[in-house]
Amino acid sequence: MFVLFLSLMSLIGLAAGQQPFVVGVCTHFGQNKGDVQANLSLIQQMSVSAIRDEVFWQGVERQKGQYAIPKNSEYFVTTSVAKGLKPLLVLDYGNPLYDHGDKPTSDEAIEGYARYAEFVVRHFQGQVSMYEIWNEWNGGVGKTTPGTPEAYVKLLKVVYPRLKAIDHNLVIIAGAVSGGGVRGPWLRQMLEAGALQASDAVSFHQYIFSSKGIGKLPETLEGNINRVEEMVRSFNGNRDFPLYLTETGWPTNTGPSGTTLQEAGDLAAQTVLLLRSIPALKGMWWYDFQDDGPKADSTEDNFGLVHLDLTPKPAFFAVSAVMRWMEGAQFTSRLKTSDASIDGVEFQLPDGQQGLAIWRLGPGSSRVQVKGASATQTIQDTSPSKTSNSTEIELTASPVWFTGISLQLH
């Protein structure tokens, strides 16, 4: 038996003016994938606030020194902004006019990249305020050679001041480091080379879907992020530096690496809820919104929150539900119980009530009693329902939401 009292005293440590936590989805409009209007309308329904996409260098600068925004890029950016969604634009990949299309490492290519970045930023000034410098420089994406952290920071130190000179309110994000770069020495070496002095935030990617047991759960993801936070703080005078998780997800492909549709939904809801508890983490983007292809056994084809035909998966409804739960809410504390199989997060709601999301780690169920709640909701429900002052439930991996003035969990 365990008892947890949730009271407004937990707000004592809450920082005033807590900034909104960005929850977004990755799209592939820059690759001409997906119907822009149909995708964005569904994304709006989820109540997330942002998308992440790319404006490719080689598409902007087709002749050296001549720049134009591709029509598809213009369309998806202006349409997303019109729908109230904030674009995070990635500036990548190589351009065949410089360094044979590989990563820009020569002085000429770095200058070329800087001018392309300046053009994009000026063009979208007032519409786009967040930019990510490259995507997974440490790897070979974009048909490029894996790059060194020193070469990446050299690029940052040229590009960053020039973009901030255009608009000092821009958020210029460094890193977009793949999971391998986080686990290995690459991220640390990037920080050692001075990345924090040429950026406003650091981003990275984390995928744990191929792990087993607790290694596949968001609590493991949280631990990985906490280690990144600790590392970054060590290069910033032990002070927080803004972090963004710009890719994470659980694919629903068949086979041993896949996750069932229902499990992916539960994990998605848990992730969005749990990551609100990390102070330095300012946002996360789900990879990705729409499935990339039709192959049932392909990991890459099945990361979406919706299928290729845009029919929603359970994860679409799960993320939509928790976004409604957290609307206007401020995180207050992690749930602390004597039962290691139970996890959850607490929030202060705009109407002065408390919100509590709870779930069980992994398979099985745990019987719990909640006292003091006035309403409850599951991730499958479209609206909350009234509940008695004392409610017993069989808690599973699917998060349940309670609201009330003085909640007690037994």
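The values are calculated or read from the model by the stated rules, or taken from the named source; none is laboratory data. Owing to the predicted nature of the structure, the values given are computational and were not obtained by experimental measurement. Glycine gets a Cβ as well: all are built from the backbone with ideal geometry, and neighbour counts include every protein chain shown.
Structural remarks
Table: residues versus (1) surrounded by 17 or more Cβ atoms within 10 Å (Cβ to Cβ); (2) more than 18 Å from residue 92 (Cα to Cα).
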| position | (1), (2) |
| --- | --- |
| 121 | yes, no |
| 137 | yes, no |
| 145 | no, no |
| 159 | yes, no |
| 162 | no, no |
| 168 | no, yes |
| 179 | yes, yes |
| 215 | no, yes |
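- Residue count for region 359-395, restricted to those that are farther than 23 Å from residue 327 by Cα and small (Gly, Ala, Ser): 6
- Taken over region 34-82, the criterion of being in a loop (DSSP other than H, G, I, E, B), within 23 Å of the chain's Cα centre (by Cα) and exposed (fewer than 14 other Cβ atoms within 10 Å of the Cβ) is satisfied by 35 alone.
- Test for residue 210: is it loosely packed, with under 15 Cβ neighbours inside 10 Å and either under 15 Å from the mean Cα position of the chain (by Cα) or hydroxyl-bearing (Ser, Thr, Tyr) (or both): yes
- Within region 132-142, the presence of a residue that is touching a Leu at 6+ places or on another chain (Cβ under 6 Å), of a type in the set (Phe, Trp, Tyr) and touching a residue at least 24 places away in the same chain (Cβ under 8 Å) is excluded.
- Lone qualifier among 129, 199, 210 - being touching a residue at least 40 places away in the same chain (Cβ under 8 Å), out of contact with any Leu (no Cβ under 9 Å at 6 or more places or on another chain) and among the hydroxyl-bearing types (Ser, Thr, Tyr): 210
- Leading residue by the ranking (farthest from residue 344 (Cα to Cα)) among those in region 364-408 that are in a loop (DSSP other than H, G, I, E, B) and among the hydrophobic types (A, V, I, L, M, F, W, C): 379
- Against the criterion of being of a type in the set (Ser, Thr, Tyr) and within 19 Å of residue 288 (Cβ to Cβ), residue 220 does not qualify.
- With respect to the conditions (1) modelled with pLDDT of 95 or more; (2) closer than 21 Å to residue 48 by Cα; (3) out of contact with any strand residue (DSSP E or B) (no Cβ under 6 Å at 6 or more places or on another chain); (4) not basic (Lys, Arg), residue 285 falls short on a single one, namely (3).
- Screening residue 216 on (1) in contact with a strand residue (DSSP E or B) (Cβ under 6 Å, 6 or more places away or on another chain); (2) within 21 Å of residue 364 (Cα to Cα); (3) free of Cβ contacts under 8 Å to residues at least 60 places away in the same chain shows it passes everything except condition (1).
- Qualifying residue in region 345-361 (condition: of a type in the set (Asp, Glu), within 22 Å of residue 261 (Cα to Cα) and surrounded by fewer than 18 Cβ atoms within 10 Å (Cβ to Cβ)): no
- Residue list for region 318-345, filter: closer than 17 Å to residue 222 by Cβ and of a type in the set (Phe, Trp, Tyr): 331
- Hey, residue 97 more than 29 Å from residue 272 (Cα to Cα), of a type in the set (A, V, I, L, M), at pLDDT 95 or above and not in a helix (DSSP H, G or I) or not: yes
- Filter result (within 26 Å of residue 358 (Cβ to Cβ), small (Gly, Ala, Ser), part of a helix (DSSP H, G or I) and without any contact (Cβ under 8 Å) to a residue 60 or more places away in the chain) within region 233-269: 264, 268
- Evaluation of residue 222 against (1) more than 19 Å from residue 299 (Cα to Cα); (2) not in a helix (DSSP H, G or I) (one fails), failing number: (2)
- Scan region 275-313 for residues that are of a type in the set (Ser, Thr, Tyr) and without any contact (Cβ under 8 Å) to a residue 12 or more places away in the chain and the total you get is 1.
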